[in-house]
1. Find how many whole Å separate the alpha carbon centroid of segment 138-170 from the alpha carbon centroid of segment 1-72.
2. Residue separation times 0.36 nm, minus the C-alpha to C-alpha distance between Ser65 and Ser164: what's the value?
3. For segment 35-94, what percent of Cα pairs sit more than 18 Å apart?
4. Place a point 7 Å from the Cα of Val130 along the Cα-to-Cβ direction; which residues of segment 92-121 have their backbone N under 16 Å from it?
5. Over the chain, calculate the relative contact order: mean separation of alpha carbon pairs under 8 Å at least 6 apart, over the residue count, as a percent.
6. For Thr5, put the label point 7 Å out on the Cα→Cβ axis and report which residues of segment 133-170 keep their amide N under 20 Å from it.
7. Across segment 7-169, what fraction of all alpha-carbon pairs, as a whole percent, falls in each successive 5 Å bin from zero upward?
8. Under unit Cβ charges (Lys, Arg +1; Asp, Glu -1), what dipole magnitude, rounded to 20 debye, does segment 7-169 have relative to its Cα centre?
Amino acid sequence: MDKLTQHIFLIGFMGAGKSTIAAKLQEMLDVKQMEMDQIIVEQQKMPITEIFEKYGEAHFRDIESQLLIDLKNEAPGIVSCGGGIVVREENPGYMKESGKIVFLTATPETIYERVKDSTERPILNGNMNVEYIRELMEKRRAKYEAAADIIVATDGKSAEEICSEILAQM
Ligand code: S3P
């Protein structure tokens, strides 16, 4: 692929592999990687779980949307979004103004295996099971699909294979 002219936004459920694939694409394309959750933690000077506990999910979603608007001014790079980025209706529009949206999918079973030991995902704290993951994924599926320019299934594939599929479709 030629030089990146717009952002690549990676969206998908928690544990879909957004951060892993962002790191690999960053390496392959030699561009900047932007981890939205990490930027929010640095800006707010507190972990995501604490933002949820102290100020609630709606406040976290406000911060996420504002960050998407701010990212429009950054040089083209790989943006790894939080799993709930499609919850706010306006967010896909902000992303489309500065990039292409890649939806990474995985089955609830794969997701569970990848996130089961994590305590840093407030949405799953107390709900760490395949059934809850399946239900929430179903609730969000239409939103991820509507936002996506490209959809790539990640189950059983290496990071290299997933990146090649993404780049072939760009
Ligand atoms: C969330 C996903 C998390 C993080 C926050 C909320 C969600 O990001 O933004 O805990 O609502 O799905 P990851 O997808 O990187 O875990």
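1. 17 Å
2. Values: separation 99, 0.36 × 99 = 35.64 nm, distance 2.92 nm.
Gain in length upon complete extension: 32.7 nm.
3. The share of Cα pairs beyond 18 Å in segment 35-94 comes to 29 percent.
4. 106-117
5. On the way: 233 pairs, mean separation 56.9, N = 170.
After rounding, I find 33 percent.
6. From segment 133-170, the list is 149-150, 166-170.
7. Here the calculated profile for segment 7-169 is 1, 9, 19, 23, 22, 17, 8, 2, 0.
8. It works out to roughly 200 debye.
Every number in this text was worked out from the coordinates using simple rules, so none of it is lab data. None of the values given here were measured: they were computed from a predicted structure. Note that we place each Cβ from the backbone using ideal geometry, even for glycine, and neighbour counts take in every protein chain shown.
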